[in-house]
Each structure stands twice: as C-alpha cells, then as structure tokens.
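In what follows, a single structure is set out as structure tokens and then discussed.
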Amino acid sequence: MPTIAKVKLVEEYKKLLQNSRALFLVNYKGLTVEEVDLVRRKFDTVNAKYKVVKNTLFKIALKGTDSEAISDYLIETNGVIFVKDDPVVVSKTLNEIADKSKFLIYKVGILEGKIVDEAQLKFLSTLPSREVLQSQLLSLFLAPSTNMVNLLAAMPRNFLNVLNSYKEKKEN
C-alpha cells in the first residue's frame, strides 16, 4: 500500500513532467549537499527545475508520457532537470556545470519525445538561444524590404551627387 507521501511525490513528478518541454537526466553521485544546492540555484536562473528523484516513483510518473523511454536509464542516483522554457539555454548551463564538476555526469535527455545523447546535448549547447534565432530570422525576413528601401533611396542620392559635381565643375 503506497503511503500518502509517495503518492504526493508521484503527483509532483507528473506535474513537473506536464509543464516541461524537455528533460535531462544526470548522475550526481559524489556531489555534496552544498554543490547540489548550487546546481539547483543555477538551473533556477535559467527557468529549469533540478530535482533529485526516487527511481521507482519517477518510473511510475513516467508511465504513459512522451518521456517514458528515459525510464530505462533510471539506475543509481539520478537528478532530473525539468526544462520549462528554452532547452538550448539549459543545455549550455548543464554543459558548463558538468565541465566544472567531475561528479555531475550527463546520462540522457528527452527533447520533443526523442532521446538526446551526450553528443546531441553538446551540439544543442552550441546553438544560439531562442531570442537570438528569432532575431536572425526576423532580419532575414526584413532584408528584402530593407534592400528595396536602400535601392530606392540611392537613386535620388546619386542624382543629387551628380548635380553637386556639375555645380562644383561650373563654379571652378
């Protein structure tokens, strides 16, 4: 018979799963409590939630979700990063933390229902953030109209330059 605390924990995991765009699973074995708190605060700054999970209860919460494939990797001690917004920013933060700490080891992730291995995570962390990509896309959309405006403005400007040159020639 499950206890009330375990049922509440499974419900909390399910709620976190519903509100997440991606998940990253890490092994935190060897980290001190202070280091885990530091990791947790670091992920809070990028709108992600780091949670140490109980494997059996987390497997129950994963049943029937798009992230169920990650349950095969729930071995030993696990921390899960629940990504609420931009997975690129979170992956950059995760790589930064993993590079500094030899104890935080990336296992696997789920992004849009697909498993993300370590190589894909590294590639994801090299991408620009969502805002940068949006601004680049916007500049691509605006480029033709900007070029047209510059082209139309160039004709009168060039004509004026010719008139000024002619005026200076007549004055000399």
Across segment 129-172, how large is the tail of the calculated P(r) beyond 17 Å, expressed as a percent of all Cα pairs? 57
Estimated vicinal HN-Hα couplings, Hz - segment 29-46 in sequence order (Karplus 6.51, -1.76, 1.60; Gly, Pro = x): 4, x, 6, 7, 4, 5, 5, 5, 5, 5, 4, 4, 5, 4, 6, 4, 5, 10
Multiplying the sequence separation of Lys170 and Leu140 by 0.36 nm and subtracting their Cα-Cα distance, what value in nm do you get? 6.3 nm
Angle between the Cα long axis of helix 4-18 and the longest principal axis of the chain, 0 to 90 degrees, nearest 10? 20
Excluding residues fewer than 8 positions from Lys100 in its own chain, the aspartates and glutamates with Cα under 13 Å of it are Glu35
Between segment 67-100 and segment 135-161, the alpha-carbon center distance in angstrom: 45
Correct semi-axes for the chain, from √(5λ) of the alpha-carbon gyration tensor and rounded to whole Å with the largest first, are 55, 18, 13
Mean separation of Cα contacts under 8 Å (6+ apart) over length of segment 4-127, as relative contact order %: 37
Low-density loop positions, trypsin sites (Lys or Arg not before Pro), segment 1-66 - DSSP coil, at most 13 other Cβ in 10 Å: Lys29, Lys63
Note down the magnitude of the dipole of segment 129-172 about its Cα centre, charges +1 on Lys and Arg C-beta and -1 on Asp and Glu C-beta and zero elsewhere, to the nearest 20 debye. 160
Measuring from its Cα centre, the chain shows a charge dipole (+1 at each Lys and Arg Cβ, -1 at each Asp and Glu Cβ) which, in debye to the nearest 20, is 200
Helix-only estimate, please: 222 nm mean residue ellipticity of the chain, summing -39500 (n - 2.57) across DSSP H runs of length 4 or more and dividing by its residues, to the nearest 500. -19500 deg cm²/dmol
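A short reminder: the numbers here are calculations on the coordinates, not readings from a lab. Predicted, not measured: the structure shown is a model, and the values here were computed from it. Backbone-built Cβ (ideal geometry, glycine too); neighbour counts: all protein chains shown.
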